[in-house]
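Below is one structure; the comments refer to it alone.
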Amino acid sequence: MERKEWPLWEVFVRSRNGLDHKHCGSVHAPDAKLALQVARDVYTRRQEGVSIWVVKASDIVASDPDAKPELFDPAEDKIYRHPTFYTLPEEVDHM
Amino acid sequence: MYTQSLSIPDGEARGPKKVENPAYQAEFDAKIAAGGFIEAKDWMPEAYRKTLIRQISQHAHSEIVGMLPEGNWITRAPSLKRKAILLAKVQDEGGHGLYLYAAAETLGVSRDELYEALLSGKAKYSSIFNYPTLNWADIGVIGWLVDGAAIMNQIPLCKCSYGPYSRAMVRICKEESFHQRQGYDLLLAMMRGTPEQRDMVQDAVNRWWWPSIMMFGPHDKDSVHTETTRWGIKRISNDDLRQKFVDATVKQAEVLGVSLPDPDLKWNAERGHYDFGAIDWDEFWNVVQGHGQCNVDRLAARVKAWEDGAWVREAALEHARKRAVREKDAA
């Protein structure tokens, strides 16, 4: 059996103008042009999108899941970054 | 469309090996206990990974093989409208297979390995597709009963603990409702037709009823799901899902004007559910083990499609390679 697999592409779809492109899955395709075509057939059969991005999966740089504490925990105790941290007089609280 | 609530071992899965680690295990257990999600790159126990690869790929194979019994009728659909609907449905099944293969691949197994497991006969797919589609009413009954049973099975999977599988299932379930409704609509049209057409519907119901309720898998007392339940993969037991399906279907059969081929089917006021007759598990296991009416044909059709497509896959890769070289030279 043939063992030469088409490369993997990650698919991002903008569901309508005004919204971000959102990751929705992946496809195998030999090149970018066909990746777009396949993504259209697989992920937008019911008008789910107005724009598609495809990115070669091997080109994506992801954070290490083991590094989660170093990367994300420091924000945990910085509650002063949120508006709810500040108690203001009731008359002006809706600012 | 179709999981079969039966996880059948089909050989070693080949995800990356991870050393079991108590600290990671504790974190994993806590996430599961809190009803959280596990994502592709998170640490997970090897058994969890293997179980998921097996279940998701069996599900994907079922979608792909499931295109065959219905594809059989595309050229013979009785009107352009029905042909367009059936084409869309079969295309959906292909799409569902692709969402699921992609979800399985996030666990560290390659698409080719998954195909190879299917084509070599090592991997299982839902037994329901090893029954033939003999008349046009079969297409309606597959939508109504087979997809109906599949929906019952699949809705709980939308909340399963593995993120990529759960997201694929959300997408699939949204599309599945169309499948069931178009099937019922097709049958309604036939029931409003000639006596012969009504007979065709009844004949199809008679043949598909039992295989459909077998789709929920063995009785709870005969099936072990402790781990998949603890891991948040399986959320509702086979028998509970089957009962829910039977309860929902009786009324639909009445409205349609067909009888369900089970003399023991009757309302049990005490239980608040319909009782139904004994399932022929010998038939079920016979089909699972490869002796159904269409097992050989189905697999042969998949192998042929793979082999006939080999030159296309190769040519497309070669085209991409040449183009990349040309673009590099031009730059």
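The values are calculated or read from the model by the stated rules, or taken from the named source; none is laboratory data. Quick caveat: nothing in here was measured; it's all calculated off a predicted structure. Note that each Cβ is placed from the backbone with ideal geometry, even for glycine, and that neighbours are counted across all protein chains shown. Protein only, heavy atoms only, side chains kept; ligands, DNA and RNA dropped before computing areas. Shrake-Rupley method; radii C 1.70, N 1.55, O 1.52, S 1.80 Å.
Do any of B:K50/B:K244; B:K81/B:K174; A:K22/B:K31; B:K83/B:K266; B:K89/B:K122; A:K22/B:K234 go past 32 Å between their Cα atoms, and which?
B:K83/B:K266
Beta carbons within 10 angstrom, averaged per residue: use that to sort the peptides B:324-330, B:150-156, highest first.
B:150-156, B:324-330
May I ask for the accessible area buried between chains A and B, both sides summed, probe 1.4 Å, to the nearest 100 Å²?
Summed over both sides, the interface buries about 2300 Å².
State the Cα centre-to-centre distance between region A:61-81 and region B:30-98 in whole Å.
Cα centroid to Cα centroid, the span is 35 Å.
At 1.4 Å probe size, with every protein chain present, just tell me what the per residue accessible area of the protein assembly as shown comes to in Å².
52
Using a probe of 1.4 angstrom, how much of the accessible area of region B:195-253 is carbon and sulfur, in percent?
55
With θ set to phi - 60° and the Karplus curve 6.51 cos²θ - 1.76 cosθ + 1.60, what are the ³J(HN,Hα) couplings of region B:93-108 in order, to the nearest whole Hz, using x for Gly and Pro?
4, x, x, 4, x, 5, 4, 6, 4, 4, 5, 5, 5, 5, 8, x
Provide the convex hull volume over Cα atoms per residue for the protein assembly as shown, in Å³.
232
Whole-Hz ³J(HN,Hα) for each residue in region B:242-251, computed from phi via Karplus 6.51 cos²θ - 1.76 cosθ + 1.60 with θ = phi - 60°, x for glycine and proline: what do you get?
Going residue by residue, I get 4, 4, 4, 5, 4, 4, 6, 7, 4, 5 Hz, with x marking Gly and Pro.
Calculated from DSSP H runs of 4 or more alone, at -39500 (n - 2.57) each and per residue, what is the 222 nm mean residue ellipticity of chain B, nearest 500?
After summing the helix terms and dividing by the residues of chain B, the value is -20000 deg cm²/dmol.
Just round it to a whole percent: the fraction of Cα-Cα distances in region B:14-158 exceeding 19 Å.
Above the 19 Å cut-off, region B:14-158 has 59 percent of its Cα pairs.
So for each of B:227-235, A:27-35, B:48-56 I average, over its residues, the number of other beta carbons within 10 Å; can you give me the resulting order with the highest mean first?
The packing order, highest mean first, is B:48-56, A:27-35, B:227-235.
Which whole-Hz ³J(HN,Hα) couplings does region A:37-54 yield from phi under the Karplus relation 6.51 cos²θ - 1.76 cosθ + 1.60, θ = phi - 60°, glycine and proline marked x?
4, 5, 4, 4, 5, 7, 10, 9, 7, 10, 6, 6, x, 10, 7, 10, 10, 10
What's the average, rounded to a whole number, of partner chain beta-carbon atoms within 10 Å of each residue's beta-carbon in B:31-43?
1
Using Stokes-Einstein with the Kirkwood hydrodynamic radius over Cα pairs, what translational diffusion coefficient do you get for region B:22-330 at 37 °C and a viscosity of 0.692 mPa s, in µm²/s rounded to a whole number?
The estimated diffusion coefficient comes to 155 µm²/s.
Mean-square fluctuation check for chain B, GNM, Cα pairs under 10 Å: which of B:P211, B:P261, B:P69 is largest?
B:P261
If you average the alpha carbon positions of region A:3-28 and of region B:125-143, how far apart do those two centres end up, in angstrom?
Spelled out, the Cα-based centre of one part sits 33 Å from the other.
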